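Novice: There's a structure below that I have some questions on.
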Amino acid sequence: MPKLTARQTKKQNENKPDQRAFGPLFNKDLGQHILKNPLVAQGIVDKANLIGSDTVLEVGPGTGNLTVRILAQAKKVVAVEMDPRLAAELQKRVHGTDDQRRLHIMIGDFMKVQLPYFDVCISNTPYQISSPLVFKLLEHRPLFRCAILMFQREFALRLVAKPGDELYCRLSVNVQLYAKVDHIMKVGKNNFRPPPQVESSVVRLEPKNPPPPVDPKEFDGLLRILFTRKHKILSANFKQTGVLQMLEQNYRTYCSSNDLMMEDNFDIKSTILSILDSVGMADVRAAKCDMDDFLKKSS
């Protein structure tokens, strides 16, 4: 049998049904890595503990490998897909079936669309929107029951990291303030088509209800200072010139907007250090602080 030239081999591969139907659809720039392992897909859906009356929000449904399994257990799926080509593939997949009327596809950028009511979220998340997606979900009202979310493994481990862990960071605290987060499954890169460059993990996120009475912007502002150098004692972080100048300006703005007089001899540095001493936090490190410690400093 004569040996095929490189050009003939390429043409032969392009004419294979699987390549022709799906290969050209995948756009790595949009983080499109389709989960192809049916056992993993079913495992993710099973972790959601769906009931027959659930409305499920799916982010990035792709060609529907998770979607059809969700539809088998839930009342309705709202799928948000940015790529019209993949949305068309998904629509074709359910066309003429009982699932067609229970699937609503929203074409658009998840970060820009207005989310409808949903009970559960399931997402094979485009990795470049991992953090914004988590916070958009946590800000959604009414609160949902849980979310089963696939992320790049290191990001997932940051979400679940505890005080003392190397990956414990501002993200860990901000998310755990509003939700219980558990790592539930590792997913290897070969379970995707095309394979991503990194390993993945699935986490389960359950919003705290009611949410804590904390101003999220103020709390995050505090964490930004504390985690600038998370292994330094807290008083050292607050002694930085840039931090002191920012805090003094913020305090002046606060006094002005609330018709308060600012003392002539006001010293922001001594005031902050005095507060840290009063709550016994001057010599601790952010890397070792738990949620109660952070809430104590924010109050």
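Novice: Over the chain, calculate the relative contact order: mean separation of alpha carbon pairs under 8 Å at least 6 apart, over the residue count, as a percent. Let's see the in-between values first.
Specialist: On the way: 416 pairs, mean separation 42.5, N = 299.
Relative contact order of the chain: 14 percent.
Novice: Another question about this same structure. Check cross-link reach from Lys186 to the aspartates and glutamates: straight Cα distance under 17 Å, and skip same-chain residues fewer than eight apart.
Specialist: Within the straight-line limit of under 17 Å, Lys186 reaches these aspartates and glutamates: Asp46, Glu154, Glu199.
Novice: Rounded, prolate or oblate: pick one for the stretch 118-235, where a ≥ b ≥ c are the square roots of the eigenvalues of its C-alpha gyration tensor, a/c under 1.5 means rounded, and failing that, prolate if a/b is larger than b/c, else oblate.
Specialist: Note, shape of the stretch 118-235 comes out oblate.
Novice: Indicate the gyration tensor shape class of the stretch 166-234 (rounded, prolate or oblate), computed on the Cα atoms with a ≥ b ≥ c the square roots of the eigenvalues: a/c under 1.5 is rounded; otherwise a/b larger than b/c is prolate and the rest oblate. Before the final figure, lay out the partial values.
Specialist: Working: a/c = 3.05, a/b = 1.62, b/c = 1.89.
Since a/c reaches 1.5 but b/c is at least a/b, the shape of the stretch 166-234 is classed as oblate.
Novice: Okay, next question. In the chain, how does Rg compare with the Kirkwood Rh, expressed as the Rg/Rh ratio over alpha carbon atoms?
Specialist: Here the Rg-to-Rh quotient is 1.10.
Novice: With the full set of protein chains in place, find how many percent of the accessible area of the chain is carbon and sulfur; take the probe as 1.4 Å.
Specialist: Using a 1.4 Å probe with all protein chains present, the chain comes out at 52 percent carbon and sulfur.
Novice: Can you give the accessible area per residue of the chain, in Å², using a 1.4 Å probe?
Specialist: Working: 16390 Å² over 299 residues.
On a per-residue basis, the chain sits at 55 Å².
Novice: Go through the stretch 94-103 residue by residue and turn each phi into a ³J(HN,Hα) via Karplus (6.51, -1.76, 1.60, θ = phi - 60°); whole Hz please, and just put x for glycine and proline.
Specialist: 9, 4, x, 10, 5, 6, 4, 6, 9, 10
Novice: Once every DSSP H run of n ≥ 4 in the chain is given -39500 (n - 2.57) and the sum is divided by its residues, what mean residue ellipticity at 222 nm do you get, rounded to the nearest 500 deg cm²/dmol? Mind showing how you got there, number by number?
Specialist: Working: 13 runs with 120 residues, N = 299.
Value at 222 nm, helices only, nearest 500: -11500 deg cm²/dmol.
Novice: Regarding the stretch 242-290, what whole-number volume in Å³ per residue does the convex hull of its Cα atoms give? Present the calculation step by step, with values, prior to reporting the outcome.
Specialist: Working: hull volume 5.5 nm³, N = 49.
In the stretch 242-290, the Cα hull volume divided by residue count equals 111 Å³.
Novice: Extension gain Lys92-Arg145, at 0.36 nm per residue separation less the Cα-Cα distance, in nm?
Specialist: 16.1 nm
Novice: Moving to a separate point now. Can you give me the long-range amide H partners of Phe192? Hydrogens built in the peptide plane at 1.01 Å from N, cutoff under 5 Å, separation of 5 or more residues or another chain.
Specialist: Lys36
Novice: Once you order the gyration tensor axes a ≥ b ≥ c over the Cα atoms, which shape class does the stretch 211-266 get: rounded for a/c under 1.5, otherwise prolate or oblate by comparing a/b with b/c? Before the final figure, lay out each step's value.
Specialist: Values: a/c = 2.92, a/b = 1.28, b/c = 2.27.
It is oblate, given that a/c is not under 1.5 and a/b is not larger than b/c.
Novice: If amide hydrogens are placed 1.01 Å from N in the peptide plane, which non-local residues have theirs closer than 5 Å to the one on Val187?
Specialist: Residues meeting the criterion, in which the H sits 1.01 Å from N, are Ser200, Ser201, Val202.
Novice: Still on this structure, please answer the following. Pick out, in residue order, every one of the chymotrypsin sites (Phe, Trp or Tyr not before Pro) in the stretch 209-299 that is DSSP loop and has at most 13 other C-beta atoms within 10 Å; say none if there are none.
Specialist: Details: sites: Phe219, Phe227, Phe238, Tyr251, Tyr254, Phe266, Phe294; in loops: Phe227, Phe266.
Listed in order of number, the matching sites are Phe266.
The values are calculated or read from the model by the stated rules, or taken from the named source; none is laboratory data. The model shown is predicted, which means the values in this text are computed figures rather than measured ones. Heads up, the Cβs are rebuilt from the backbone with ideal geometry, glycines too, and the neighbour counts pull from every protein chain shown. SASA here: full protein model, heavy atoms, side chains in, ligands and nucleic acids out. Shrake-Rupley method; radii C 1.70, N 1.55, O 1.52, S 1.80 Å.
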